[in-house]
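Notes follow once the structure below has been shown.
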Amino acid sequence: QVQLVESGGGLVQAGGSLRLSCAASGGTFSSYAMGWFRQAPGKEREFVASIRWVGGVTYYADSVKGRFTISRDNAKNTVYLQMNSLKPEDTAVYYCAKGKTSVLVTTTSGFGSWGQGTQVTVSS
């Protein structure tokens with residue numbers, strides 16, 4: 001059974017940085033995409049970034065492009081989200097997800113396994 005465990009969230013001032021980690025276990029990941037989503041109170045879950053496990057091809061939402069970087073460590077089965085120049089509007093619960101295929105998609109329906117989420121709060 002796939003398990004995705006996020007960590008690294010917290011409270012940071014605007015302009016600061018955080019690095020989220022997603023430890024993956026219990027399945028095969030090399031043939032799939034991995035993604036990060038976020039959900040703010042009262043809003044729908046939205047796509048942030050995704051990466052193909054093999055090859056490392058990435059894709060970003062326009063709102064985070066140039067500020068966030070997704071990466072993976074194959075040896076550790078871990079996916080990261082480096083978040084720089086954080087803004088108050090980045091405040092949300094951030095979720096790691098495993099894609100249903102290796103195709104980089106941006107919709108929640110394209111991902112089949114989810115972590116429990118980690119809270120990121122950016123103060124102004």
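The values are calculated or read from the model by the stated rules, or taken from the named source; none is laboratory data. In this text the structure is predicted, and so the values were computed from the model without any measurement. A quick note on method: Cβ atoms are made from the backbone with ideal geometry, for glycine too, and the neighbour counts reach across all protein chains shown. Heavy atoms of the whole protein, side chains included, go into the accessibility calculation; ligands, DNA and RNA do not. Shrake-Rupley method; radii C 1.70, N 1.55, O 1.52, S 1.80 Å.
Could you list all residues from region 53-89 that are in contact with a Gly (Cβ under 7 Å, 6 or more places away or on another chain) and surrounded by fewer than 16 Cβ atoms within 10 Å (Cβ to Cβ)?
Selection gives 85 alone.
Which residues, counting only those in region 10-30, are polar (S, T, N, Q), open to solvent by 30 Å² or more (accessible area, probe 1.4 Å) and outside any loop (DSSP other than H, G, I, E, B)? Talk me through it step by step, then tell me what you get.
Pass one, region 10-30, residues polar (S, T, N, Q): 13, 17, 21, 25, 28, 30.
With the extra rule that they be open to solvent by 30 Å² or more (accessible area, probe 1.4 Å), the set shrinks to 13, 17, 25, 28, 30.
Scanning region 10-30 gives 13, 25.
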